[in-house]
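The values are calculated or read from the model by the stated rules, or taken from the named source; none is laboratory data. These numbers come from a predicted model, not from an experiment. When we count neighbours, we look across all protein chains shown, and the Cβ atoms used for this are built from the backbone with ideal geometry, even at glycine. Ligands, DNA and RNA are stripped out before the accessible areas are found, and what is left, the full protein with its side chains, is counted by its heavy atoms. Shrake-Rupley method; radii C 1.70, N 1.55, O 1.52, S 1.80 Å.
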Amino acid sequence: MESTITIANPSPELLRFLAAQDGRRKGEELTRLVEVPSAPEGEPDPRLVEGITGGASEDWRRMLGYLATRPDEWVKWQEICTHLDLSPKVMSGVLGAATHRCRGVMPFEKIEARGGEDHKFRMSGAVAELVNDLIG
């Protein structure tokens, strides 16, 4: 059984609490909530922009582009791999490198499930628009 709770503006305290729970709930599904802050001028956070455009991985940009075509939808890991015609092992490397580069400001939410094959990703409509603007 899967249930989702959406919190429009999670407080930093809530995000820290949920992050602390991550280490205690191995094997259970857990949505990793990521705050996507804006710069003071209302522009997107430069860390988010760098996470989307940085590095040399075309596969990362293809993954983001695919998620951007399905804003606000949960998309299964295997579906992403199939769409990009890449093995889960290759995509795990792509995702790992990108996660490091994004420094905690990811352009999507992620639910981790046991075994890894049932992971799901969701990109907000606002981030999907930004992805489309930046990488088309």
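Worth a mention:
- Within region 54-65, residues that are at positive phi sit with their Cβ atoms under 8 Å from residues that are surrounded by 15 or more Cβ atoms within 10 Å (Cβ to Cβ) and assigned to a helix (DSSP H, G or I), at 6+ positions apart or across chains, in these pairs: Gly55/Ala97; Gly55/Ala98; Gly55/Arg101.
- Subset tally (residues that are of a type in the set (Gly, Ala, Ser) and under 20 Å from Leu134 (Cα atoms)) for region 66-101: 3
- Whenever a residue of region 115-136 is among the aliphatic types (A, V, I, L, M) and part of a loop (DSSP other than H, G, I, E, B), its partners that are surrounded by fewer than 20 Cβ atoms within 10 Å (Cβ to Cβ) and at pLDDT below 90, lying with C-beta atoms within less than 9 angstrom and at least six residues away or across chains, give the pairs Met123/Glu109.
- Count of region 51-66 residues, restricted to those that are exposed (fewer than 15 other Cβ atoms within 10 Å of the Cβ) and either part of a helix (DSSP H, G or I) or modelled with pLDDT of 95 or more (or both), is 2.
- Filter result for the condition that a residue is within 19 Å of Val127 (Cβ to Cβ), loosely packed, with under 15 Cβ neighbours inside 10 Å and among the polar types (S, T, N, Q), over Thr82, Thr69: Thr69
- Any hit, region 88-102, residues being outside any helix (DSSP H, G or I) and buried (at least 16 other Cβ atoms within 10 Å of the Cβ): no
- Residue match in region 26-39 (condition: modelled with pLDDT of 90 or more and open to solvent by 40 Å² or more (accessible area, probe 1.4 Å)): no
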